[in-house]
Amino acid sequence: MIDIFITDLQAYNGGHLVGKWIQLPLPQEELSQALSEVLREGETVSGTDNHEEVFITDYEAEIVIGEYDDIQRLNELAEAMEAFSDEDLLKLRLLSHEGYNEREVIDNGLDSYDVDIYDFRDNKSFTDTFELLAESFVEEGLFGEIPKALEFYIDYERIARDLRMDYCEFEENVIGRVA
């Protein structure tokens, strides 16, 4: 879901803030109607005719949006993102955090990127998130089988330090990497 505040450019340049929030995706008819309403209101408020252009002055979305982004294209992206699961949205945020262009990621498909995500948001302990990841890796056997007698000697803090080299905490208590 993408929320954008569209503003009449000509009214804005004349000193009037005329706009409205719209939530994408919208059917094409409703989107065209919302754009027309803003432009008509801009003409009324500013007392001039032929208002033709809107721009985006604010937004709330999982992707970065620019002032002059194509609203039709944003509508298409919002429609594609509606099908995303919570895990897919985390993947998109990680890829964005790592510098990937969100639109290219959506166009290419999230499955074309090798991403590992570890979500510790439900953990209410005060343990460092990377130490939680280290403990998780040990429990999963990624370091081989560790005899019970040695489990208390594992230095999770140092493992966590090494994991910081390959992984990043891109949201509070969510760690990931792009392989």
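The values are calculated or read from the model by the stated rules, or taken from the named source; none is laboratory data. These numbers were taken from a predicted model, which means no experiment stands behind them. Don't worry about glycine lacking a Cβ; one is built from the backbone with ideal geometry, like all the others, and counts go over all protein chains shown. When the accessible area is computed, the model is the full protein with side chains, heavy atoms only, and any ligands, DNA or RNA have been set aside. Shrake-Rupley method; radii C 1.70, N 1.55, O 1.52, S 1.80 Å.
Can you name the condition, by its number, that residue 68 falls short on among (1) loosely packed, with under 12 Cβ neighbours inside 10 Å; (2) at pLDDT 95 or above?
All conditions pass for residue 68, except number (2).
Just to check your reading of the model, which residue among 90, 133 is of a type in the set (A, V, I, L, M) and under 16 Å from the mean Cα position of the chain (by Cα)?
Matching residue, one of 90, 133: 90.
With 79, 60, 37 as the choices, which residue is over 16 Å from the mean Cα position of the chain (by Cα) and either open to solvent by 50 Å² or more (accessible area, probe 1.4 Å) or among the β-branched types (Val, Ile, Thr) (or both)?
37
When both residues are 6+ apart or on different chains and their Cβ atoms are under 6 Å apart, which pairs have a first residue that lies in region 151-179 and is more than 17 Å from residue 139 (Cα to Cα), and a second that is part of a loop (DSSP other than H, G, I, E, B) and open to solvent by 100 Å² or more (accessible area, probe 1.4 Å)?
Here the result reads 177/166, each pair linking region 151-179 to a residue that is part of a loop (DSSP other than H, G, I, E, B) and open to solvent by 100 Å² or more (accessible area, probe 1.4 Å).
Select from region 139-158 the residues that are out of contact with any Asp or Glu (no Cβ under 8 Å at 6 or more places or on another chain), open to solvent by less than 100 Å² (accessible area, probe 1.4 Å) and on the phi < 0 side of the Ramachandran plot and list them in ascending order.
If the condition is that a residue be out of contact with any Asp or Glu (no Cβ under 8 Å at 6 or more places or on another chain), open to solvent by less than 100 Å² (accessible area, probe 1.4 Å) and on the phi < 0 side of the Ramachandran plot, then 146, 147, 149, 150, 151, 154, 155 are the ones that fit.
Examine region 43-53 for a residue that is open to solvent by less than 30 Å² (accessible area, probe 1.4 Å) and part of a loop (DSSP other than H, G, I, E, B), and state whether such a residue exists.
Yes, that holds for at least one residue.
I'm told residue 30 meets every condition in (1) modelled with pLDDT under 95; (2) part of a helix (DSSP H, G or I); (3) not polar (S, T, N, Q) except one. Can you identify the failing condition by its number?
Among (1) modelled with pLDDT under 95; (2) part of a helix (DSSP H, G or I); (3) not polar (S, T, N, Q), residue 30 violates only (1).
Could you figure out which of (1) open to solvent by less than 90 Å² (accessible area, probe 1.4 Å); (2) assigned to a loop (DSSP other than H, G, I, E, B); (3) over 30 Å from residue 98 (Cα atoms); (4) not aliphatic (A, V, I, L, M) isn't true of residue 20?
(2)
Give me the pairs, please: first residue somewhere in region 28-49 and closer than 16 Å to residue 78 by Cβ, second residue anywhere and surrounded by fewer than 18 Cβ atoms within 10 Å (Cβ to Cβ) and charged (D, E, K, R), beta-carbon distance under 9 Å, and either six or more positions apart or on two chains.
Short answer, once both residue conditions are applied: 34/20.
In region 117-166, how many are in contact with a Leu (Cβ under 7 Å, 6 or more places away or on another chain) and of a type in the set (Ser, Thr, Tyr)?
Final tally of qualifying residues: 1.
Kindly provide the set of residues from region 88-113 that are of a type in the set (A, V, I, L, M) and without any contact (Cβ under 8 Å) to a residue 60 or more places away in the chain, ordered by number.
Across region 88-113, the qualifying residues are 89, 92, 105, 106, 110.
Residues to consider are 131, 102; find the one that is at pLDDT below 90, out of contact with any His (no Cβ under 9 Å at 6 or more places or on another chain) and surrounded by 16 or more Cβ atoms within 10 Å (Cβ to Cβ).
102
Check region 59-69 and report whether any residue there is touching a Ser or Thr at 6+ places or on another chain (Cβ under 8 Å), outside any helix (DSSP H, G or I) and among the aliphatic types (A, V, I, L, M).
Yes - at least one qualifying residue is present in region 59-69.
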